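Trainee: Starting off with a structure, shown below.
The values are calculated or read from the model by the stated rules, or taken from the named source; none is laboratory data. All figures in this text were calculated on a predicted structure; none of them were measured in a lab. Using ideal geometry, Cβ is built from the backbone for each residue, glycine included, and neighbour counts are taken over all protein chains shown.
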Amino acid sequence: MFAPRRLLPALVLAALAVAPQARADTIYEYRDAKGSIHLSNKKLNDRYRPFDYMRLPAGTDERKVIPFIRYYCRRSGMDPRLVTAMVEVESGFETRAVSPKGAAGLMQIMPDTGRDLGLDDAFDGASNLEAGIRYMRRLLDAYGDVRLALAAYNAGPGRVPKGGPIPDIPETRDYVAKVMARVGPR
């Protein structure tokens, strides 16, 4: 059966959705100047992006960010209400937000953390969400408690002891309270 070239990306995405793949099984895509799609299981150069790569332009409003949050939360087993609350508190849904300490993008990722997560462009909204959600998933797994994971996300894992309590850092305590208030009852 022959599938038109335009259907190829949809067919590959449908197959990936039916059988979720581990991070090591990422498929990369490159579109050349003629519009041809090149797929690889390795990032052969900087032009290759993960096949599910989606752009979220600067100035995007909250309604356009939410589907991206849901998508990446589903992939990471995260609660989209939690991540939506984090993005609201962190950046107010502004893709180009920068904190006084240098955290950037929707999820306000610090440059060193971004490098550790493989985040090339903190202002690429979709990539920022994916990296931030993946990072929060790690913190939840490590701390086993949403409040402590949020504290570690805000203050840094080195400042939050496993098993608690939330450190006596006013900004961190305020952050945890604001996010949890937006998430609502669990």
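Trainee: State the number of residues belonging to region 123-168 that are of a type outside the set (Lys, Arg) and not in a loop (DSSP other than H, G, I, E, B).
Mentor: 27
Trainee: Another question, then. I'd like the full set of residues that are without any contact (Cβ under 8 Å) to a residue 40 or more places away in the chain, of a type in the set (Phe, Trp, Tyr) and over 15 Å from Pro157 (Cα atoms), limited to region 92-143.
Mentor: Matches in region 92-143: Phe93 only.
Trainee: Within region 169-186, how many residues are assigned to a loop (DSSP other than H, G, I, E, B) and at pLDDT 95 or above?
Mentor: Of the residues in that region, 1 qualify.
Trainee: Are any residues in region 102-122 of a type outside the set (Val, Ile, Thr) and not in a loop (DSSP other than H, G, I, E, B), and if so, which ones? Before the answer, list the steps.
Mentor: Let us first name the residues in region 102-122 that are of a type outside the set (Val, Ile, Thr), namely 102-108, 110-112, 114-122.
Of everything in region 102-122, those that are of a type outside the set (Val, Ile, Thr) and not in a loop (DSSP other than H, G, I, E, B) turn out to be Ala104, Pro111, Asp112, Gly114, Arg115, Asp116, Leu117.
Trainee: Give just the number: which of (1) surrounded by fewer than 19 Cβ atoms within 10 Å (Cβ to Cβ); (2) out of contact with any Leu (no Cβ under 7 Å at 6 or more places or on another chain) does Arg134 not satisfy?
Mentor: (2)
Trainee: Select from region 80-101 the residues that are touching a helix residue (DSSP H, G or I) at 6+ places or on another chain (Cβ under 8 Å) and in a loop (DSSP other than H, G, I, E, B) and write down the one among them that is surrounded by the most Cβ atoms within 10 Å (Cβ to Cβ).
Mentor: So the residue we want is Thr95.
Trainee: When region 147-166 is examined, which residues are found to be farther than 16 Å from Pro80 by Cα and surrounded by fewer than 18 Cβ atoms within 10 Å (Cβ to Cβ)?
Mentor: Once the filter is applied, which keeps residues that are farther than 16 Å from Pro80 by Cα and surrounded by fewer than 18 Cβ atoms within 10 Å (Cβ to Cβ), region 147-166 yields Gly156, Gly158, Arg159, Pro161, Lys162, Gly163, Gly164, Pro165.
Trainee: Can you tell me which of (1) touching a Ser or Thr at 6+ places or on another chain (Cβ under 9 Å); (2) at pLDDT 80 or above; (3) not acidic (Asp, Glu) is the one Lys101 doesn't meet?
Mentor: The single condition Lys101 does not satisfy is (1).
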